Structure formats: C-alpha cells, structure tokens
1. Which of the residues belonging to segment 311-330 are touching a Gly at 6+ places or on another chain (Cβ under 8 Å) and of a type outside the set (A, V, I, L, M)?
2. Mind checking which strands (runs of 3 or more DSSP E) fall wholly inside segment 1-83 and carry at least 2 residues that are β-branched (Val, Ile, Thr) and crowded, with 22+ Cβ neighbours inside 10 Å?
3. Checking residue 341 against (1) out of contact with any helix residue (DSSP H, G or I) (no Cβ under 9 Å at 6 or more places or on another chain); (2) more than 30 Å from residue 74 (Cβ to Cβ); (3) acidic (Asp, Glu), which single condition isn't satisfied?
4. Restricting segment 187-231 to residues that are aromatic (Phe, Trp, Tyr) and either within 22 Å of residue 340 (Cβ to Cβ) or in contact with a Phe, Trp or Tyr (Cβ under 7 Å, 6 or more places away or on another chain) (or both), which is modelled with the lowest pLDDT?
5. Just to be sure, is residue 175 over 21 Å from residue 263 (Cβ atoms) and touching a residue at least 60 places away in the same chain (Cβ under 8 Å)?
6. Exactly one of (1) farther than 21 Å from residue 351 by Cα; (2) assigned by TED's automatic domain parsing to the domain that holds residue 72 is unmet by residue 233. Its number?
7. When residues of segment 274-312 are filtered for being of a type outside the set (Asp, Glu) and buried (at least 24 other Cβ atoms within 10 Å of the Cβ), how many remain?
8. Restricting attention to segment 84-95, which residues are assigned to a loop (DSSP other than H, G, I, E, B) and touching a Leu at 6+ places or on another chain (Cβ under 8 Å)?
Amino acid sequence: MTLRVAVVGSGPAGSSAAEVLAKAGIETYLIERKLDNAKPCGGAIPLCMVSEFDLPPEIIDRQVRRMKMISPSNREVDINLVNEDEYIGMCRREVLDGFLRNRAAQLGATLINATVHKLDFPTNSKEPYTIHYVDHSEGGTQGVAKTLKVDLVIGADGANSRIAKEMDAGDYNFAIAFQERIRLPQDKMAYYQDMAEMYVGNDVSTDFYAWVFPKYDHVAVGTGTMQVNKASIKQLQAGIRARAARKLAGGQIIKVEAHPIPEHPRPRRVVGRIALIGDAAGYVTKSSGEGIYFAAKSGRMCAETIVEFSQAGSRIPTEDDLKVYLKRWDRKYGMTYKVLDILQSVFYRSDATREAFVEMCADLDVQKLTFDSYLYKTVVPANPITQLKITAKTIGSLIRGNALAP
C-alpha cells in the first residue's frame with residue numbers, strides 16, 4: 001500500500017508538512033482555499049528559519065538589525081544586533097507562503113484549490129477518511145463538489161480551522177491581529193530601511209503590542225488584542241497611527257487586513273488519524289505573538305513522525321503514533337510557551353509594568369538573551385551571574401515603575 005495523506009491549508013505549517021511527506025514518497029494532497037491568500041501578520045521570521053527551511057534571499061524583503069521598543073510615555077529604547085551576519089527577516093506572507101507551497105508541489109504534493117466542507121470518519125482503523133470539498137479550479141466561483149479518500153488528515157487551516165471543528169478539537173481564546181499596509185514617501189521609508197518598531201501602551205493594545213514593520217516597498221502598521229469587538233480594534237489602530245504619525249506622514253494605505261490569532265494550544269490536537277499543526281493547533285506564542293516559525297516547525301515535526309511510523313508510507317499510523325509528534329513538540333517548546341505566557345501576564349498588565357518592561361529592554365544582558373532565544377529558538381542559558389543580574393534588574397525595573405502594586 002501507499003499511504004495517502006491530505007494536508008488542509010497551505011500556509012507555512014501545511015506546506016512544510018506536505019514537503020516532508022512528498023519527499024518521502026507518500027501520496028500527498030495539499031488543499032488550499034485561496035492561492036493568493038496573505039494572512040495579516042507582522043511577517044517577522046527568525047534567522048534560524050532562513051537556514052533551517054532553506055529560504056532563498058528573495059523571500060526576505062528586509063534584514064532588520066535595529067529595533068525600537070517604545071513605552072507608553074514614548075520612551076524609546078534602541079535594541080541593535082551586534083553581529084553583522086545576524087538579522088530578523090521581514091517578509092510578505094503572500095511571497096513566503098507561495099514559495100513554500102510551490103516547493104511542496106514541485107516535490108510531488110498534489111495541490112488542490114478547494115474549500116473543505118465536511119469530513120466523514122471511518123468506522124475502523126483501516127478505513128479511509130472521506131473529505132468533502134468544492135474544487136475552485138473548475139466550475140467558476142461556485143466550484144464543483146468532490147470527495148477525496150485518505151488515510152490521514154493534517155489540519156493546517158488556521159485559527160478558524162474546519163478540520164478542528166470536524167474532529168471536535170475544543171475551543172480556545174483568540175486575539176485579533178489588525179494591520180494596514182502603508183506606502184510611505186521615499187525619505188520616510190529610508191528610516192525603516194533596517195528598522196522595526198514595537199509600541200506598548202493601553203492606547204495601542206490593552207494586552208499585546210503594536211508594530212511598524214518594514215516590507216519590500218511599504219510598512220505594515222498594526223496591533224493585536226484580545227478585545228475582539230470592532231470599535232476597540234479601530235480605537236487601538238487609531239492609537240498606533242497617532243503614536244507613529246510623524247514617521248508615517250504622507251503615507252498611503254494600500255491594504256487593510258484582520259485575522260484571528262490563537263492564544264493557547266487546543267485541548268485536543270490529535271484525534272484518531274487527524275493531527276492539527278500551526279495556528280489550527282494553537283501554536284502562537286504569548287508576549288511576542290510569533291507563529292510563522294512554530295507553524296513551519298510543527299508541520300515538519302508532524303510529517304516526520306508520520307514518515308517514521310508509517311515506515312515511509314507502507315503502513316497506516318495509529319492515533320498513538322501521531323501523539324508521539326505532540327510529545328516531541330511539547331517537550332521541545334512547552335517551556336517556551338509557558339515562559340512567554342508568564343512574561344505577558346507580568347509585563348502587559350498595565351502601563352506601569354510596560355514602562356518597566358521597556359526600561360529592562362535597555363539592558364545589554366537582557367537584549368542578548370532575548371535575541372539569542374528569538375533568532376535561534378533556543379533559550380540560551382545565561383551563566384548564573386548574568387541570570388542573577390537580569391533577575392535583579394527585572395525586579396528593580398518593576399519597583400521603580402511601581403509595577404508590583406496589585
């Protein structure tokens with residue numbers, strides 16, 4: 001037999017999974033509703049992703065080496081990368097996603113432009129799942145109703161995952177990312193050549209941060225919040241536009257985007273022979289809101305587990321086999337999510353704690369630890385003396401900002 005796997009969703013998670021499966025000779029179907037889709041997203045990727053996922057230079061619009069953290073009182077702290085060969089990659093999601101999707105297809109995954117509506121479950125461990133979908137490559141906008149039988153299903157279809165609903169994966173809290181893409185006059189764009197800005201304060205986000213990130217020929221200006229009503233989001237976006245007004249003067253809005261972002265992993269990420277990855281699984285970090293690398297990595301780890309336990313496609317993996325992917329994932333990244341969760345609850349509580357957070361970012365030891373953990377996705381343990389220094393500085397910043405008051 002040859003194992004048949006459907007990957008629903010072709011963002012970084014789905015395409016990375018499909019690539020690994022196709023390379024192993026597994027019959028792989030990559031289903032994507034909108035081939036020109038670009039998820040609203042800051043688009044920052046860590047350095048390790050460039051090498052690990054073999055991304056060509058043209059995928060990266062900007063190499064950011066300088067960042068400004070801007071506090072509620074508009075105190076600016078510069079965070080600069082010291083090593084010349086280190087940078088944070090800024091990309092447009094339509095470019096990154098298109099590249100990864102096309103690479104998976106070139107390696108043998110069958111790309112289907114379709115919307116999945118329903119999943120029929122098998123009655124035993126050998127029968128296939130039946131996917132009901134509307135094929136958009138035929139029949140105009142209405143499409144043509146079709147079915148596909150597969151042994152395994154990978155849900156990579158984002159925060160509003162249809163696959164998660166079908167498998168009853170359980171709900172999670174979500175935030176909303178809202179951003180405007182703004183084309184700036186040339187002199188203003190020059191300022192953002194290799195510069196990204198992060199703003200904190202109740203006026204720009206009550207529980208997250210706002211950003212101005214440079215792209216190819218424009219900047220992405222946005223905010224994230226768990227206040228999911230339109231009035232709040234509009235008000236917070238007006239807040240970041242006001243805070244950055246001088247630098248954005250003369251800019252022209254070329255696109256407005258909004259999208260849900262999961263706030264924690266779903267209660268169930270593997271059910272039967274269905275596995276969730278990326279946003280569908282809830283793999284976005286608190287505090288930083290980062291999800292691109294973790295999406296691609298989860299897709300790769302899930303697919304590698306399938307290749308391993310299917311013996312390169314010659315047997316059907318079980319639910320227990322798929323759950324090995326979860327164990328490996330949680331062992332590798334569980335602590336990262338916990339730490340960032342705690343950081344968000346400590347430092348994003350009030351404007352006083354945000355002031356303390358920005359003050360702390362001025363410290364070089366803190367900057368090095370933060371950048372090492374972001375760029376290389378390993379929380380590099382600082383030596384005990386440095387660790388103590390950082391802890392003392394953190395407490396000092398919180399006390400000075402009167403941030404420890406309940």
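The values are calculated or read from the model by the stated rules, or taken from the named source; none is laboratory data. It should be emphasised that the depicted structure is a prediction, and the values quoted were computed from it without experimental measurement. So basically every Cβ, Gly included, is an ideal-geometry build from the backbone, and we count neighbours across all protein chains shown.
1. 313, 319 - these are the residues of segment 311-330 that are touching a Gly at 6+ places or on another chain (Cβ under 8 Å) and of a type outside the set (A, V, I, L, M).
2. Because the criterion is at least 2 residues that are β-branched (Val, Ile, Thr) and crowded, with 22+ Cβ neighbours inside 10 Å, the strands (runs of 3 or more DSSP E) in segment 1-83 that meet it are 4-8, 27-32.
3. The single condition residue 341 does not satisfy is (2).
4. 208
5. Answer is no for this residue.
6. All conditions pass for residue 233, except number (1).
7. 21
8. Residues satisfying the conditions are 86, 87.
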